[in-house]
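The values are calculated or read from the model by the stated rules, or taken from the named source; none is laboratory data. Note that this is a predicted model, so its numbers are computed, not measured. Here Cβ is always computed from backbone atoms with ideal geometry, including for glycine, and neighbour counts include all displayed protein chains. For accessibility, only protein heavy atoms count, side chains too; no ligands or nucleic acids. Shrake-Rupley method; radii C 1.70, N 1.55, O 1.52, S 1.80 Å.
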Amino acid sequence: MPPLKDDTGTTTGAAPPGERRTVIQWRRTLGAQRRGTRGRRQHALLRVRDDIPAAWRIGLMAAGLATPILLWLLISSGSSGDLIVPSPAETWQGAMRLHDDGVLLGDFWASSRRILIGYTISMAIAIVLGLGMGTFRSVEAFLEPPTGFMRYIPATALVPLMLFWLGIDETPKITLIVLGSVFFNLLMVADVARAVPREIINASYTLGAGRLTVLRRVVLPHSLPGIIDVARINLAAAWSILVVAELLAAEEGLAFRIVRAQRFRQIDEMFAILIIFGIIGVVSDLALRALRRRAAPWARA
Amino acid sequence: MSLTIVRPEKLEIEGLVKTFPGSRRRPAVTAIDGIDLRVSAGELVCIVGASGCGKSTLLNVVGGLEPADAGRVEIDGEAVVGPGADRGMVFQGYSLFPWKTVAENIAFGLETARVPRAERRERVDELIAIMGLAAWADRIPRELSGGMRQRVAIARALAPRPDILLLDEPFGALDAQTKRVMRDFLLGVWRDIGTTILMVTHDVEEAVYLAGRVYVLTSHPGRVAAEVPVPLPADRGPAITRDPLFLDLRDHVQDILIDQVRV
Ligand SMILES: Nc1ncnc2c1ncn2[C@@H]1O[C@H](COP(=O)(O)OP(=O)(O)OP(=O)(O)O)[C@@H](O)[C@H]1O
Ligand SMILES: [Mg+2]
């Protein structure tokens, strides 16, 4: 007969005659528990990974957006002397002035174009080499040491060298964007490719697929959502390196405009550009998320 | 007594040994230590054995996914040196392409074989009908139940018309009811298509229900402990589970297996 438990949690049970039996005394050790209930109640807003009510979500997001703006208003209203913080209204006027001067769109386009070209090259290299690296141990063995090494050389440290070698036109800036992001992209795409389940690859082999077919028709589509995530995450790094390059040598571009504004002590314009950087980031992030949803609806984020 | 027909061997395994190399900290694991096994054309053979006795390893070697360390593995007298579409496999875990629909999953093996589009559609539709998946053809695996997923996996493996179908505990993750439905379903497919099947399971009743012969493996390392013929009629149904012969065979295989587990 199995031992029975009484209310206090003491194990009882008739031992068969002639058999000695240890009876284990055990007590409830559960701490915070009210009488008359079982388990611990969890607050609706603080459950690990659970969804929260939609109204709360929207409200919290609005509050998260409003708080820094309020702080900004507060600080700018109290700023004086050397530490000038332009108010949102002044920042808007700064942006309008840049626009009326006819430079804002040009700067936006110049910087975006560099990112677009440079980051596309970077992702193309990363996808080709990264998928190879994550799929074939031989490619991995060959590429892992140099990428691991190059990844730790800060791309910003290469700016003077690139300007020295390649001049001050578009080439060094695009090269820097590539150098500054390709090693991160490469290693992360390789990780994404490594995550393709072995059984799916084996299944493809037993369905007559060769290695190239597996790479193109199995590893690539399975990795697609992960690759888009990688692109999304490292895009910020590409912008950082572009800004450094533009600060040192450029005729146009958003970061170049910041240096100009500094020279003429137009802090409102500097602020306007910073906000524009933020907006570009949010928009490209949302765009890449939408692309992921469209391109790989099977993989919910 | 039924007439014994001498059929050509579809699969022949002799003296198969498979050892996974160890390292400084882990000793090497001999998963399979000398297995002899034959499957005739059109036969349905089951392998039962305790967990970890090398059943999946055996199928992977036959599938050409793992090299053997010693021994002979031949399909129609030809040595297995790598994977190919002539040996359809259904894996223990979940191995459908998650981004492809049911129809696209099934079509994969036909695309790699460059079957023309029209014929491809025809054969996929035919398999979808056989598998009872018509209503689900355009769904992706995430939207299917476990039983449906395994039916898709079986259909996908059958699509290139393999010489032999290798099934690794295809119903292992299903509940008891679905399992019963699926095994009748598999018997039906086997009778209709007339393919050769080698199936691994740890469910003794399932093995006796399905197979014409059952191989019982020793546990760790895997060897053949017994080869049990199942002289039950080929057109079996749920009623057979009450047949005394079925029950005897089941208990017999169960006893051999329990002797293996108790070491
Ligand atoms: N890649 C591997 N590397 C090292 N050891 C392995 C590897 N694959 C399997 N083994 C070992 O080989 C033995 C047999 O494994 P296998 O997966 O074939 O067992 P199985 O009979 O299929 O078990 P189950 O019924 O649980 O699926 C196990 O001891 C396992 O630890
Ligand atoms: Mg297994």
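For segment B:68-84, check the following and say yes or no: at least one residue is open to solvent by 30 Å² or more (accessible area, probe 1.4 Å), touching a Leu at 6+ places or on another chain (Cβ under 6 Å), within 14 Å of another protein chain (Cβ to nearest Cβ) and not polar (S, T, N, Q). Yes, there is a match, as at least one residue in segment B:68-84 is open to solvent by 30 Å² or more (accessible area, probe 1.4 Å), touching a Leu at 6+ places or on another chain (Cβ under 6 Å), within 14 Å of another protein chain (Cβ to nearest Cβ) and not polar (S, T, N, Q). Scanning segment A:130-146 for residues that are within 15 Å of A:ALA193 (Cα to Cα) and among the aromatic types (Phe, Trp, Tyr) yields a total of 1. Of the residues in segment B:100-112, none is within 16 Å of ligand 1 (Cβ to nearest atom) and either buried (at least 20 other Cβ atoms within 10 Å of the Cβ) or away from chain A (no Cβ under 14 Å) (or both).
If you check B:PHE91 against the conditions, is it more than 14 Å from B:LEU186 (Cα to Cα), touching a strand residue (DSSP E or B) at 6+ places or on another chain (Cβ under 6 Å) and at the interface with another protein chain (Cβ under 8 Å from one of its Cβ atoms)? Break it down into steps so the answer makes sense when it comes.
Values: more than 14 Å from B:LEU186 (Cα to Cα): yes; touching a strand residue (DSSP E or B) at 6+ places or on another chain (Cβ under 6 Å): yes; at the interface with another protein chain (Cβ under 8 Å from one of its Cβ atoms): yes.
Against the criterion (more than 14 Å from B:LEU186 (Cα to Cα), touching a strand residue (DSSP E or B) at 6+ places or on another chain (Cβ under 6 Å) and at the interface with another protein chain (Cβ under 8 Å from one of its Cβ atoms)), B:PHE91 qualifies.
Scanning segment B:14-29 for residues that are open to solvent by 20 Å² or more (accessible area, probe 1.4 Å) and within 16 Å of ligand 2 (Cβ to nearest atom), we see that the one that is farthest from B:VAL261 (Cα to Cα) is B:PHE20.
Every residue, every condition in (1) under 17 Å from A:ILE115 (Cα atoms); (2) of a type in the set (Phe, Trp, Tyr); (3) in a helix (DSSP H, G or I); (4) open to solvent by 30 Å² or more (accessible area, probe 1.4 Å), yes or no:
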residue	(1), (2), (3), (4)
A:PHE149	no, yes, yes, yes
A:PRO160	no, no, yes, yes
A:THR171	yes, no, yes, yes
A:LEU176	yes, no, yes, no
A:VAL189	no, no, yes, no
A:ASN202	no, no, yes, no
A:TYR205	no, yes, yes, yes
A:VAL214	no, no, yes, no
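Within segment B:113-130, the set of residues being surrounded by fewer than 20 Cβ atoms within 10 Å (Cβ to Cβ) and among the β-branched types (Val, Ile, Thr) comprises B:VAL115, B:ILE130. A count restricted to segment B:247-260 and to residues that are more than 15 Å from B:LEU217 (Cβ to Cβ) and either loosely packed, with under 14 Cβ neighbours inside 10 Å or acidic (Asp, Glu) (or both) stands at 2. Working only within segment A:246-276, note down all residues that are aromatic (Phe, Trp, Tyr) and surrounded by fewer than 17 Cβ atoms within 10 Å (Cβ to Cβ). Result: A:PHE264, single match. If the condition is being away from chain A (no Cβ under 14 Å), outside any loop (DSSP other than H, G, I, E, B) and within 20 Å of B:ASP192 (Cβ to Cβ), then segment B:113-135 contributes B:GLU119, B:GLU122, B:ASP125, B:GLU126, B:ILE128, B:ALA129, B:ILE130, B:ALA134. Is it the case that segment B:51-67 has a residue that's away from ligand 2 (no atom under 16 Å from the Cβ) and at pLDDT 90 or above? The answer is yes, given that some residue of segment B:51-67 is away from ligand 2 (no atom under 16 Å from the Cβ) and at pLDDT 90 or above.
Looking only at residues in segment B:39-65 that are within 14 Å of chain A (Cβ to nearest Cβ), open to solvent by 10 Å² or more (accessible area, probe 1.4 Å) and of a type in the set (Gly, Ala, Ser), which one is nearest to ligand 1 (Cβ to nearest atom)? Explain how you work it out, then say what you get.
Start the filter on segment B:39-65 by keeping residues that are within 14 Å of chain A (Cβ to nearest Cβ), which leaves B:56-57, B:59-65.
Those still in the list that are open to solvent by 10 Å² or more (accessible area, probe 1.4 Å) too: B:56-57, B:60, B:64-65.
The next check asks that each one be of a type in the set (Gly, Ala, Ser); those that pass are B:56, B:64.
Values: B:SER56: 3, B:GLY64: 15 Å.
Applying the filter and picking the extreme gives B:SER56.
The residues of segment A:116-137 that are open to solvent by 10 Å² or more (accessible area, probe 1.4 Å) and aliphatic (A, V, I, L, M), listed by number, are A:LEU116, A:ILE117, A:ILE121, A:MET123, A:ALA124, A:ILE125, A:ILE127, A:VAL128, A:LEU129, A:LEU131. Screening A:ARG194 with (1) surrounded by fewer than 20 Cβ atoms within 10 Å (Cβ to Cβ); (2) within 14 Å of chain B (Cβ to nearest Cβ) gives one miss only, at (2).
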